[in-house]
Amino acid sequence: MSSSRPSREEPAPETERARPDPRDEDVVVGRIVGAWGIRGEVKVRSHTDNPDRLSAGKAICVEGGPALIERSTRAKAGLRLKLNVAADRGQAEALRGAMLTVPRSQIPPPPDGAYYHFQIIGIDVLSEDGQPLGQVREILTTGSNDVYVVERPNRKDLLLPAIPDVVLDVDTAENKITARVPDGLE
């Protein structure tokens with residue numbers, strides 16, 4: 001979790017651009033990708049680096065409604081969860097595509113110099129001389145460093161490697177990143 005490797009916890013899709021009061025924003029910690037078996041279990045793709053976040057006994061929200069994780073099992077491609085809101089395969093299948101969220105207030109502050117993905121998505125990007133470059137639309141996670149996809153009006157997206165020589169300052173309170181665009185990327 002550093003400026004070059006933020007956590008994968010992400011803002012709820014409908015709040016990525018709006019930037020509501022941070023205390024009210026939900027953070028996506030997983031997505032249901034299908035049903036498993038006949039007893040209401042679901043397959044989940046995790047969006048969190050916290051291994052305890054989707055464990056048995058934890059309270060979460062499924063598409064905004066409260067749910068309790070009754071059982072959590074690691075699987076090849078993610079997790080299998082038994083939620084108290086799905087008693088059979090039909091109910092589990094109806095949850096396909098649902099986002100699993102927690103209130104932002106449940107997310108501990110990151111260490112100094114580190115940022116969560118939800119803090120970076122939607123943030124304004126400025127050049128060293130203060131010129132607007134665009135907004136971070138998405139973060140690509142690579143093996144060595146993250147890459148911020150900066151959406152620019154009427155121009156091709158800018159791909160900024162999240163490394164100290166490029167990302168000079170991240171100010172989440174002011175909702176801005178100051179960046180040095182390497183030659184050839186502009």
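Things to note:
- Where Gly97 falls short, out of the listed (1) assigned by TED's automatic domain parsing to the domain that holds Val62; (2) touching a Gly at 6+ places or on another chain (Cβ under 7 Å); (3) surrounded by fewer than 18 Cβ atoms within 10 Å (Cβ to Cβ): (2)
- Of all positions in the stretch 151-173, at least one carries a residue that is loosely packed, with under 11 Cβ neighbours inside 10 Å, out of contact with any helix residue (DSSP H, G or I) (no Cβ under 9 Å at 6 or more places or on another chain), over 15 Å from Gly113 (Cα atoms) and of a type in the set (Lys, Arg).
- If you check Asp129, Asp171, Asp146, Asp165 for being touching a Pro at 6+ places or on another chain (Cβ under 9 Å) and without any contact (Cβ under 8 Å) to a residue 60 or more places away in the chain, only one passes: Asp165.
- Filter result for Ala77 (surrounded by 12 or more Cβ atoms within 10 Å (Cβ to Cβ) and either of a type in the set (D, E, K, R) or under 30 Å from Arg39 (Cα atoms) (or both)): no
- Selection count where residues are assigned to a strand (DSSP E or B) and hydroxyl-bearing (Ser, Thr, Tyr), scope the stretch 89-113: 1
- Arg89 meets each of the listed conditions (1) within 16 Å of Val28 (Cβ to Cβ); (2) at pLDDT 95 or above; (3) of a type in the set (D, E, K, R) apart from (1).
The values are calculated or read from the model by the stated rules, or taken from the named source; none is laboratory data. Since the model is a prediction, treat every value here as computed from it, not as a measurement. All Cβ positions, glycine included, derive from the backbone under ideal geometry; neighbour counts span all protein chains shown.
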